[in-house]
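Chemist: I'd like to ask you about the structure that follows.
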Amino acid sequence: MTIFVTGGAGFIGSNFIFHILKKYPDYRVVCLDKLTYAGNLSTLASVTGNKNFRFVKIDICDRQSVFNLFKEEKPDIVVNFAAESHVDRSIADPEIFLKTNIIGTATLMDACREYGIKRFHQVSTDEVYGDLPLDRPDLFFTENTPIHTSSPYSSSKAAADLLALAYYRTYGLPVTVSRCSNNYGPYHFPEKLIPLMIANALNDKPLPVYGTGENVRDWLYVEDHCKAIDLIIHKGRAGEVYNVGGHNEMRNIDIVKLICKELGKPESLITYVSDRKGHDLRYAIDPTKIHAELGWLPETKFADGIKKTVKWYLENRKWWEDIISGEYKNYYEKMYGKA
Ligand code: NAD
Ligand code: DAU
């Protein structure tokens, strides 16, 4: 069995590679990654010596190179994590999101059609459903909730998600789609809420909370997402969408306060800043389908997952300090000003 993992030098893709290589010692894993600002080869250091692992630096929009690699490796399964993934960057500059997230996905699926595939899995997001009101805790996203996006990021992900389903219907490509809620855990890029707050708190820098801090996200430990995708690619039905999330809704401000507590830092570091344009209020996944069909349930409770995550950032300072002192510094200063 050969699995292509695109975007495997990023946060969730790398955790997925670790999961697969550990659980299936006879599988071959090929990581396809362009190594954008969000991709980091050092993240994959623990597996680069594994004889079943190969890394290929490639842009998923580069049709010729993608087709050549499919011809050479003949993958059985493709899991597409490669994407521009940060909402704020998509608001500042949408174009690369349209290229990578839409054209890149279509290019991969065209290669699957040309060379044959057992499964193409599209890693989509709960953001394709838009948001839910804060005063209706009874409402959740199901797989039948209409697509209703807010940001250029979520719109590009929705386009890719719908294209994948169209390739199933039109060409019979064996496609599955997962729409997962917010992940957290090791190797999360420090532009995203949880790692940004941990890194800033450790450096005694302001903790920038958008708007009132009352927006709600449904947090899932990254390993639980990886296990869900593992189940879907092996046992999920082609042509189906699976929501992934663990009923763990938290307000942003409560997450930031919890991080202060875990690190023994004062809440006076919290600074309210301008709100994100078009800021989604609340995400909340109904995971009934994946539980009923595939038996998936989240295993890590938030109270344990956040402790593990904070510990990881404390023990792996070099990983994120190299990032925040590099090219990312320019983005940070443009976004939040010089601290
Ligand atoms: P990330 O930004 O950490 O990683 C993205 C990876 O894709 C990087 O390694 C980057 O180098 C690579 N990449 C970008 N453009 C590429 C291109 N043109 N060709 C090849 N590689 C390219 O993202 P993440 O948080 O790990 O998210 C992974 C996937 O999961 C994305 O598709 C995202 O939409 C989806 N998702 C993320 C979350 C979350 O909470 N992080 C939740 C649900 C879904
Ligand atoms: O829901 C799944 C999505 O979750 C994924 O599809 C995206 O790839 C991923 O980035 C994430 O999107 P969010 O916009 O929810 O995540 P982010 O970490 O950027 O922000 C989480 C919340 O925290 C959001 O309400 C905005 C807020 N926030 C974020 C940052 C970076 C702040 O208040 N301050 C900040 O500095």
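Every number here is computed from the coordinates shown, using simple stated rules; none is lab data. Quick caveat, the model's predicted, so the values are computed rather than measured. Cβ atoms come from the backbone with ideal geometry, glycine included; neighbour counts cover every protein chain shown.
Chemist: How much length is gained if the chain between residue 1 and residue 50 is pulled fully straight, taking 0.36 nm per residue apart and subtracting their Cα-Cα distance, in nm to one decimal?
Modeler: Full-extension gain reported as 16.1 nm.
Chemist: Going by C-beta contacts inside 10 Å, put 61, 226 in order with the fewest on the left.
Modeler: Working: 61 20, 226 23.
Ranking 61, 226 by Cβ neighbours within 10 Å, fewest first, gives 61, 226.
Chemist: Å³ per residue of the Cα convex hull, for region 17-161? Write down the numbers at each step before the final one.
Modeler: Values: hull volume 20.9 nm³, N = 145.
Each residue corresponds to 144 Å³ of Cα convex hull volume.
Chemist: Let me check against my output: what whole-number percent is the relative contact order of the chain, with C-alpha pairs under 8 Å and at least 6 apart?
Modeler: Relative CO of the chain lands at 18 percent.
Chemist: Continuing with the same structure: Using Cβ contacts closer than 10 Å as the measure, can you line up 132, 98, 220 from fewest to most?
Modeler: Working: 132 21, 98 17, 220 27.
The order, fewest Cβ neighbours first, is 98, 132, 220.
Chemist: Also, quick follow-up: Regarding region 93-193, what's the average projected area of the Cα-atom convex hull, expressed in nm²?
Modeler: The number I arrive at for region 93-193 is 8.2 nm².
Chemist: So what's the projected area for region 184-262, the Cα convex hull averaged over all directions, in nm²?
Modeler: Its average projected convex-hull area is 6.5 nm².
Chemist: How far is helix 63-73 tilted off the main Cα axis of the chain, in degrees rounded to 10, range 0 to 90?
Modeler: Taking Cα atoms only, the helix is inclined about 70 degrees.
Chemist: Turning to a different aspect of this structure: Work out, in µm²/s and without decimals, the Stokes-Einstein translational diffusion coefficient of region 248-332 at 37 °C, 0.692 mPa s, Rh from Kirkwood over C-alpha pairs.
Modeler: The diffusion coefficient I find is 201 µm²/s.
Chemist: With a 10 Å cut-off between alpha carbons and a GNM built on the chain, which of 88, 135, 161 moves the most?
Modeler: Sorting by GNM fluctuation, first place goes to 135.
Chemist: For the chain, go through all pairs of different Cα atoms, get the mean of 1/r, take its inverse, and jot down that Kirkwood value in Å. All intermediate terms of the calculation are to be shown ahead of the outcome.
Modeler: Numbers: mean 1/r = 0.0493 Å⁻¹.
After inverting the mean inverse Cα-Cα distance, the result is 20.3 Å.
Chemist: Please report, in debye to the nearest 20, how large the charge dipole of the chain is about its Cα centre when each Lys and Arg carries +1 at its beta carbon and each Asp and Glu carries -1 there.
Modeler: Details: 42 positive and 43 negative charges, 147 e Å.
The dipole magnitude comes to about 700 debye.
Chemist: Order of 13-20, 108-115, 330-337, 289-296 by packing, highest average Cβ count within 10 Å first?
Modeler: On the way: 13-20: 24.0, 108-115: 19.1, 330-337: 12.6, 289-296: 16.4.
With the highest mean Cβ count within 10 Å placed first, the list reads 13-20, 108-115, 289-296, 330-337.
Chemist: Rank-order 235-244, 2-11, 178-187 by packing density, defined as the average count of other C-beta atoms within 10 Å over each peptide's residues, highest first. Kindly include the intermediate steps, with their values, before the conclusion.
Modeler: Details: 235-244: 19.2, 2-11: 25.5, 178-187: 23.6.
Per-residue mean Cβ counts within 10 Å order the peptides as 2-11, 178-187, 235-244.
Chemist: Based on alpha-carbon positions alone, could you give the equivalent ellipsoid semi-axes of region 178-325 from the gyration tensor, as √(5λ), descending, whole Å?
Modeler: 29, 18, 13
Chemist: A further question on this structure: Spelling out what I want: for every residue of region 268-274, take phi, set θ = phi - 60°, compute 6.51 cos²θ - 1.76 cosθ + 1.60 (Karplus), and round to whole Hz; glycine and proline get x.
Modeler: Residue by residue, region 268-274 yields 5, 6, 5, 10, 7, 10, 3 Hz.
Chemist: Let me ask something else about it. Measuring from centroid to centroid over Cα atoms, what is the spacing of region 177-200 and region 21-81 in Å?
Modeler: 22 Å
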